[in-house]
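K.L.:
This structure is in structure tokens; I'll ask about it shortly.
Values quoted throughout were computed directly from the atomic coordinates according to the rules given, and no laboratory measurement underlies them. This structure is a prediction, so every number in the text was calculated from the model and none was measured. Note that each Cβ is placed from the backbone with ideal geometry, even for glycine, and that neighbours are counted across all protein chains shown.
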Amino acid sequence: MWYIEKHNENYQVGWRVSDILYQKKTPYQNLAIVEFAEFGRALILDDAVQTTVKDEFVYHEMLVHPAAFTHKSPRRALIIGGGDGGTLREVLKHKTIEKVDLVEIDEEVVKASKEFLPSLSESFNDPRVEVIIDDGIRYVKKIKNYYDLIFVDASDPVGPAVVLYSEEFYRSLFDALTADGIAAVQSESPNFYPDIFVKIVTTLRDIFPKVNVALAPVPSYISGFFAFTVASKVYNPKEITPSITFSTKYYNEEIHKACFALPNFILDMLKIR
Ligand code: SAM
């Protein structure tokens with residue numbers, strides 16, 4: 001059986017499915033856990049592949065570590081979305097972290113990931129973690145000057161995630177961060193979704209003093225580059241050298257230096273050359 005992920009009228013990607021492990025229509029979205037022949041187990045929400053066990057490390061390490069190492073000593077972190085647990089696993093590797101709150105709108109994603117994606121969801125039992133089932137924008141609007149780090153690990157801007165791409169939401173992130181806080185925002189594919197990518201980055205640039213885009217190839221996300229925006233109040237990620245004391249599969253010191261280098265067509269998209 002083949003699963004066809006259709007990106008637009010002209011482009012679709014086919015994955016051979018070895019097994020369908022779980023399917024559920026939740027109050028928010030259609031959820032499926034499947035076994036792909038090439039990429040292993042995967043979480044699919046509303047017909048979009050969210051993560052696969054074969055390449056999730058690239059996305060989760062790159063969402064977390066460039067921002068987390070840029071902060072000198074982060075203690076409190078918030079994850080918005082991220083119900084599979086992959087971002088959580090990476091945040092908890094930072095030993096200064098005392099507390100991580102994960103705000104996920106759909107508790108069925110957390111439940112299914114705990115059951116079928118143990119390599120991602122292994123950290124939900126860590127005593128530093130609190131899972132809050134709520135809408136990310138509703139939650140973050142109530143918080144002021146509290147988190148050192150906020151990670152936006154949202155699905156694409158359809159359905160419940162639309163609000164997580166608004167200016168109002170990004171302003172709430174700024175207010176919820178401490179005076180030297182940093183937000184890292186999943187920023188889509190500049191090749192396939194240039195409008196969404198540019199809107200995320202330019203909106204964050206209007207709000208945060210230091211905004212840098214990191215790129216990494218995440219093979220299961222369409223193809224080509226995937227973008228992560230680091231929006232910081234004080235520290236500049238380009239000026240730090242991380243000293244990494246734990247194991248990673250993608251991120252390292254050289255990647256930290258290189259990931260913020262942008263090709264000319266992306267600089268042009270962002271009007272920064
Ligand atoms: N890594 C993925 C990607 O880029 O495709 C995204 C990970 S997926 C686990 C994102 C999660 O965001 C989903 O579990 C979804 O339920 C959650 N989500 C969507 N809208 C949300 C909202 N408004 N508040 C909190 N979580 C939300």
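K.L.:
Counting pairwise Cα distances across segment 44-185, what percent come out greater than 24 angstrom? Intermediate results must be reported in sequence, preceding the final value.
P.N.:
Working: 2294 of 10011 pairs.
More than 24 Å apart: 23 percent of the Cα pairs in segment 44-185.
K.L.:
Determine the distance separating the Cα centre of segment 148-185 from the Cα centre of segment 26-48; give it in Å without decimals.
P.N.:
24
K.L.:
Of His256, Phe169, Asn236, which is farthest towards the positive pole of segment 102-260's charge dipole, taken about the Cα centre with +1 and -1 on the beta-carbons of Lys, Arg and Asp, Glu respectively?
P.N.:
Highest projection toward the positive end goes to Asn236.
K.L.:
Taking every DSSP beta bridge with both residues inside the chain, roughly what % is antiparallel (nearest 5)?
P.N.:
Working: 36 of 56 bridges.
Bridges in the chain are about 65 percent antiparallel.
K.L.:
Right, something else. Sequence gap at least 6, Cα distance under 8 Å: using those rules, report the relative contact order of the chain to the nearest whole percent.
P.N.:
On the way: 560 pairs, mean separation 43.4, N = 273.
This gives 16 percent for the chain.
K.L.:
Now for a separate question. For segment 68-107, which trypsin sites (Lys or Arg not before Pro) are in a loop by DSSP, counting at most 14 other Cβ atoms within 10 Å?
P.N.:
Working: sites: Lys72, Arg75, Arg76, Arg89, Lys93, Lys95, Lys99; in loops: Lys72, Arg75, Lys93, Lys95.
Taking segment 68-107 and a limit of 14 other Cβ atoms within 10 Å, the loop trypsin sites (Lys or Arg not before Pro) found are Lys72, Arg75, Lys95.
K.L.:
With no solvent and one point per C-alpha, what does the Debye sum give as log10 I(q)/I(0) for the chain at q = 0.16 Å⁻¹?
P.N.:
So the normalised log intensities work out to -1.30.
K.L.:
In the structure displayed, which of Lys99/Lys249; Lys142/Lys271; Lys24/Lys144; Lys93/Lys144; Lys24/Lys257 lie more than 30 Å apart, Cα to Cα? Kindly include the intermediate steps, with their values, before the conclusion.
P.N.:
Numbers: Lys99/Lys249 24 Å; Lys142/Lys271 34 Å; Lys24/Lys144 36 Å; Lys93/Lys144 25 Å; Lys24/Lys257 42 Å.
Pairs exceeding 30 Å: Lys142/Lys271; Lys24/Lys144; Lys24/Lys257.
K.L.:
Compute, for the chain, the length of the dipole vector about the Cα centre, with Cβ point charges of +1 (Lys, Arg) and -1 (Asp, Glu) only. Units Debye, rounded to 20.
P.N.:
Values: 30 positive and 38 negative charges, 169 e Å.
I would put it at about 820 debye.
K.L.:
Also, quick follow-up: Report Rg/Rh for segment 45-112, rounded to two decimals, where Rg is the Cα radius of gyration and Rh the Kirkwood radius.
P.N.:
For segment 45-112, the value is 0.98.
K.L.:
Follow-up question, since we're still on this one. Can you show me the helix-derived [θ] at 222 nm for the chain, built from DSSP H runs with n ≥ 4 at -39,500 (n - 2.57) apiece and divided by the number of residues, rounded to the nearest 500.
P.N.:
After summing the helix terms and dividing by residue count, I get -8000 deg cm²/dmol.
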